[in-house]
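I have placed the structure first, in the form of structure tokens, so that the comments after it can refer back to it.
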Number of protein chains: 2
Amino acid sequence: MDATNSSLSSGETSYADIKSFFDSAPPLKDSAEIKRKLEEFMQKNHVPLGNGEANRVVCVTSGGTTVPLEQRCVRYIDNFSSGHRGAASTEYFLKAGYAVVFLHRRGTCQPYCRSLPDDPLLECFEVTDESNITVNPIHAITVKGAIRDNRGAVIRGNLLKLPFTTIFEYLQILQLIALSMRSLGSHALFYLAAAVSDFYVPWESMEVHKIQSSSGPLDMRLAQVPKMLSVLRKDWAPTAFCISFKLETDIKILLAKAGMALEKYNMHMVVANELLTRKEEVIVVDKSGNIRVHRDKTRVDADVEEPLIKLIVDRHSSYISSEP
Amino acid sequence: MDATNSSLSSGETSYADIKSFFDSAPPLKDSAEIKRKLEEFMQKNHVPLGNGEANRVVCVTSGGTTVPLEQRCVRYIDNFSSGHRGAASTEYFLKAGYAVVFLHRRGTCQPYCRSLPDDPLLECFEVTDESNITVNPIHAITVKGAIRDNRGAVIRGNLLKLPFTTIFEYLQILQLIALSMRSLGSHALFYLAAAVSDFYVPWESMEVHKIQSSSGPLDMRLAQVPKMLSVLRKDWAPTAFCISFKLETDIKILLAKAGMALEKYNMHMVVANELLTRKEEVIVVDKSGNIRVHRDKTRVDADVEEPLIKLIVDRHSSYISSEP
């Protein structure tokens, strides 16, 4: 990344901010292992299909990032996200023939596990005697499906799961994924559904020890996380199809910000979510306008991700054919 | 609770602060259901044993509380805690014959489940055909033990699990538990291992909508959470044996604060944890001085909770016999 290579439009994150964010971040553990897994995954899934087409790969990001408030982390700011959308979308991308890199917050919802109770191990199983575990009949189909489909996708090599916790890990791993997906050209898709922190405490200005509570109220100043979307589009994966997400509690702010994100970060699509209705419908914002996508209300178990991924796959196909 | 009934020593939380905290908190969902469960649990477990002794009941609190930063919560401050200590301690209290109210953060470590992998459903099981689920032999003993012992304790009625997420829920439910345990007199024990937020944003001064990131750095002012330990000891459960916890990253601050907590909140014991060594040893601080408690290093699977709970049960016995 070289600051002199790209011009900056006003209001955009500067390369200096981004460099300073990465320079000040704690080093990523297991980065060699992650690179090895990514290389193996791309090798396996980047296969020409003979008719001029090639396998498609999507990076789905899912769950919220944390921002540590102390270096020896006791307290942190967290962004709420169950990871339900990312998990559901991963299932539909796999069904549509994509290979999926699932960059997810540790402990959030996993693909094929959405219908399980909170504590499946204890709610779904019983031990009948020393040697037998039985599944509670109410949960039998869900449990078996979850075990079979999730393990199946991982074992076949179509699904690579990479976990993160902090904002630092998230952006460091996203960069590794993007660089390893460059060679896919327009067959690469980024589906950035993770709830990424807007604010952080720069590592070097962070308290080493636990913040003490004895001296009255706590005043905190948090810096803005540099917007990495511009860098992803321009430098990390300039030929990929890129979709970002906006979540707001106020619909007016939501649509204004989705439109701004489309323009400012040069996204191909922005999926706009309102907090309270996001499981019923989303608004897809792209250059051609706004499209409301809602779940099929005639089916109890239908979700909004099914038509959403269908629309995205169509648009991604057009994008691939339009690319030189 | 009446402010005029109790005198305040300097530096102590005032009853006005506590009243204002509870008054401003969002109403507790399911409070009728929680009260009903507690009543049933106390009825079942508060049984005279014939020899002048009665069953003992311990309230174990476990995991960290969250502090919402917005009313329609997208962002919150979280206190890190796996809940491992609370889960392990619950097992040893049950083994020692106590009935346990396990007030835990949703999603944290559960009793008898400490040795399971992160995602047990997917790592421990395989589906061999349409009708059979088998347990991976490496995990078989752990998985069967977890299902049997955890379910067993709940079904026998010796273990009541109550989940919380926010600081508001935690303190509201703790109050309900304490009031329902009053009738147990000295047979009640509070083992307050949860990582409780020191700071919070009062509900009425909280942003309703998501905080916007467009306007530079974020400045936040957080108020101190009133220290409820004094009220628990004086008003909610004045005859119970009370143990609180201190976690710090700096050993000097740790011991100073543990001693202060013992005095200021009139605890019977304070368990002092240093972040980095807390799984190897803890320091128990009481009126007679400091006792180092460490795990049995000759056994690989030994934990520090085993000798810790043994010590606590002994001290609780002495406390019960010394009470009129």
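Report every pair of residues separated by at least 6 positions or lying on different chains whose Cβ atoms are under 9 Å apart, first residue within region B:184-209 and farther than 27 Å from A:V74 by Cα and assigned to a strand (DSSP E or B), second small (G, A, S) and modelled with pLDDT of 70 or more.
Short answer, once both residue conditions are applied: B:A188/B:A178; B:A188/B:A237; B:A188/B:A240.
Quick grid of which residues meet (1) over 26 Å from B:Q175 (Cα atoms); (2) outside any loop (DSSP other than H, G, I, E, B); (3) in contact with a Leu (Cβ under 7 Å, 6 or more places away or on another chain):
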{"site": "B:K246", "(1), (2), (3)": "no, yes, yes"}
{"site": "B:A258", "(1), (2), (3)": "no, yes, no"}
{"site": "B:K279", "(1), (2), (3)": "yes, no, no"}
{"site": "B:V284", "(1), (2), (3)": "no, yes, yes"}
{"site": "B:R299", "(1), (2), (3)": "yes, no, no"}
{"site": "B:D303", "(1), (2), (3)": "yes, no, no"}
{"site": "B:K310", "(1), (2), (3)": "yes, yes, no"}
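I need the full set of residues from region B:4-52 which are modelled with pLDDT of 85 or more and outside any helix (DSSP H, G or I), in order please.
Narrowing region B:4-52 to residues modelled with pLDDT of 85 or more: B:18-19, B:21-23, B:25-45.
Answer for region B:4-52, where residues must be modelled with pLDDT of 85 or more and outside any helix (DSSP H, G or I): B:A25, B:P26, B:P27, B:L28, B:K29, B:D30.
List the number of the failed condition for A:A146; all other conditions in (1) more than 30 Å from B:G63 (Cβ to Cβ); (2) under 26 Å from the mean Cα position of the chain (by Cα); (3) not assigned by the TED database to the domain that holds A:Q172 hold.
The number of the failed condition is (1).
If you check B:T128 against the conditions, is it crowded, with 17+ Cβ neighbours inside 10 Å and hydroxyl-bearing (S, T, Y)?
When the stated conditions are applied, B:T128 does not pass them.
Out of A:A240, A:A272, A:A256, report the one residue that is within 14 Å of chain B (Cβ to nearest Cβ), within 25 Å of A:G63 (Cβ to Cβ), within 23 Å of the chain's Cα centre (by Cα) and modelled with pLDDT of 90 or more.
A:A272
Of everything in region A:174-189 that's touching a Leu at 6+ places or on another chain (Cβ under 7 Å) and buried (at least 22 other Cβ atoms within 10 Å of the Cβ), which residue is farthest from the other protein chains (Cβ to nearest Cβ)?
Taking the candidates together, the pick is A:S180.
Tell me, yes or no, whether region A:60-74 has at least one residue that is closer than 24 Å to A:L179 by Cα and assigned to a loop (DSSP other than H, G, I, E, B).
yes
Could you tell me which of the residues A:N266, A:N290 is surrounded by fewer than 18 Cβ atoms within 10 Å (Cβ to Cβ), in contact with a Gly (Cβ under 9 Å, 6 or more places away or on another chain) and more than 14 Å from chain B (Cβ to nearest Cβ)?
So the residue among A:N266, A:N290 that is surrounded by fewer than 18 Cβ atoms within 10 Å (Cβ to Cβ), in contact with a Gly (Cβ under 9 Å, 6 or more places away or on another chain) and more than 14 Å from chain B (Cβ to nearest Cβ) is A:N290.
Just one of the numbered conditions (1) within 13 Å of chain A (Cβ to nearest Cβ); (2) part of a helix (DSSP H, G or I); (3) more than 20 Å from B:M42 (Cβ to Cβ) is not true of B:I155; which one?
If we test B:I155 against (1) within 13 Å of chain A (Cβ to nearest Cβ); (2) part of a helix (DSSP H, G or I); (3) more than 20 Å from B:M42 (Cβ to Cβ), just (3) comes out false.
Against the conditions (1) polar (S, T, N, Q); (2) in contact with a strand residue (DSSP E or B) (Cβ under 6 Å, 6 or more places away or on another chain); (3) assigned by the TED database to the domain that holds B:E70, where does B:T134 fall short? Just the number, please.
So the condition that B:T134 fails would be (3).
When you look at B:A195, is it over 16 Å from the mean Cα position of the chain (by Cα) and within 14 Å of chain A (Cβ to nearest Cβ), yes or no?
On the way: over 16 Å from the mean Cα position of the chain (by Cα): no; within 14 Å of chain A (Cβ to nearest Cβ): yes.
Here the answer is no, as B:A195 does not meet what is asked.
Where residues in region B:200-226 are crowded, with 19+ Cβ neighbours inside 10 Å and modelled with pLDDT of 85 or more, which of them is farthest from the other protein chains (Cβ to nearest Cβ)?
Going through the qualifying residues, I end up with B:P226.
Have a look at B:L69, B:L94, B:L28 and point out the one that is more than 30 Å from B:K279 (Cα to Cα) and buried (at least 21 other Cβ atoms within 10 Å of the Cβ).
Only one candidate passes the filter, namely B:L69.
Identify, by number, the condition in (1) surrounded by 18 or more Cβ atoms within 10 Å (Cβ to Cβ); (2) at pLDDT 95 or above that B:L311 doesn't meet.
For B:L311, the failing item is (1).
The values are calculated or read from the model by the stated rules, or taken from the named source; none is laboratory data. These numbers come from a predicted model, not from an experiment. FYI the Cβ positions are ideal-geometry reconstructions off the backbone, even for glycines, and counts take in every protein chain you see.
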